Amino acid sequence: MPIDESRPFLPVSIAVLTVSDTRDLASDRSGALLAERIEGAGHRLHSRRIVRDETAAIEAVLRGWIADPEVDVGITTGGTGITGRDVTPEAFDRVLEKRIEGFGELFRMLSYQKIGTSTMQSRAIGGVAGGTYLFALPGSSGAVKDGWDDILRFQLDARHRPCNLVELMPRLQEHLR
């Protein structure tokens, strides 16, 4: 994927949320891995939290990110499966203004190459609300690597060609003008 080195890198502020009934900061490998990759890429880690698999709790964090002008992007890890406690996509549905359908589609395509048909159980989702990009990744460290290394790392780099999400940020709230 081409990076145009003649263009400046523009760091964005990214918040991370792990959705889990069992993890804490010490045992949250996926959240730690994502935070490490965000900072390693030159972006700002705005915050990192953990909440239980409860729709209202996840929604509250998402709405907080949307309301915070310091958060450009929010990424969750966990809660995207199909069990009864997996409710992250439902929380996203409550806040998203526009879905980025291609994110989930691309994530599952890339994941299929590594885990085969098991990827059908992933409900990875992306979208925009209030000028903030929101992405939900599955909770495994492998899924975090796939989502960040193969998709978000490029789309959140203003130098990525032919286009990227960063260059669209100033236009995300055009409908409000």
Check: On the accessible surface of the chain, probed at 1.4 Å, how many percent belong to carbon and sulfur atoms?
Finding: 53 percent
Next item on the list: Specify the residue with the greatest mean-square fluctuation among Ala136, Ala26, Ala35, computed from a Gaussian network of the chain linking alpha-carbon atoms under 10 Å apart.
Entry: Ala26
Item checked: Whole-Hz couplings from phi, Karplus 6.51/-1.76/1.60, listed for the range 147-154; x for Gly and Pro -> x, 7, 5, 9, 10, 5, 4, 7
Next item on the list: Amide H neighbours of Ile50 under 5 Å, at least 5 residues apart or on other chains, H built in the peptide plane: list them.
Entry: Thr18
Next item on the list: In a Gaussian network model over the chain where Cα atoms closer than 10 Å are linked, find which of Leu96, Leu106, Leu137 has the largest mean-square fluctuation.
Entry: Leu106
Notebook entry, point to check: Which percent, to the nearest 5, of DSSP beta bridges fully inside the chain are antiparallel?
Noted result: 30 percent
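Please return the longest stretch of the chain lacking exposed loop sites, where GluC sites (Glu not before Pro) count only if DSSP places them in a loop and at most 10 other Cβ atoms lie within 10 Å.
71-177
How much area per residue is accessible in the chain when the probe is 1.4 Å and only protein heavy atoms are counted (Å²)?
Working: 8710 Å² over 177 residues.
Solvent-accessible surface per residue comes out at 49 Å².
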Checklist line | For the range 156-171 versus the range 49-76, the gap between their alpha-carbon centres in whole angstrom | finding: 23 Å
Margin query: As an exercise, find the ratio Rg/Rh for the range 8-75 from alpha-carbon atoms, using the Kirkwood inverse-distance average for Rh.
Written below: 0.99
Margin query: From the phi angles alone, apply the Karplus equation (6.51, -1.76, 1.60; θ = phi - 60°) to the range 12-19 and give each ³J(HN,Hα) in whole Hz, x where the residue is Gly or Pro.
Written below: 10, 9, 10, 9, 10, 10, 9, 9
Next item on the list: Could you bin all the Cα-Cα distances of the range 13-166 into 10 Å bins starting at 0 and give me the percent of pairs in each, rounded to whole numbers?
Entry: 12, 45, 37, 5, 0
Next item on the list: Please identify, among Pro69, Pro11, Pro162, the residue showing maximal mean-square fluctuation in a Gaussian network model of the chain using a 10 angstrom Cα cutoff.
Entry: Pro162
Next item on the list: Take the Cβ-Cβ distance between Arg49 and Ile3 as r, set R0 to 35 Å, and report the resulting FRET efficiency rounded to the nearest 0.05.
Entry: 0.70
Next item on the list: Per residue of the range 137-144, in order, report the coupling 6.51 cos²θ - 1.76 cosθ + 1.60 (Karplus, θ = phi - 60°) as ³J(HN,Hα) in whole Hz, putting x for Gly and Pro.
Entry: 10, x, x, 6, 5, x, 5, 5
Check: Near the amide H of Arg159, under 5 Å away, which other amide H atoms are found, from residues 5 or more places off or on another chain, if H is placed in the peptide plane?
Finding: Leu10
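Can you show me the helix-derived [θ] at 222 nm for the chain, built from DSSP H runs with n ≥ 4 at -39,500 (n - 2.57) apiece and divided by the number of residues, rounded to the nearest 500.
Numbers: 5 runs with 55 residues, N = 177.
Only helices count here, giving -9500 deg cm²/dmol.
The values are calculated or read from the model by the stated rules, or taken from the named source; none is laboratory data. Every value quoted in this text rests on a predicted model; they were computed, and no experiment measured them. Positions of Cβ are backbone-derived with ideal geometry, glycine not excepted, and every protein chain shown enters the neighbour counts. Keep in mind that these areas ignore ligands, DNA and RNA; they rest on the heavy atoms of the full protein, side chains included. Shrake-Rupley method; radii C 1.70, N 1.55, O 1.52, S 1.80 Å.
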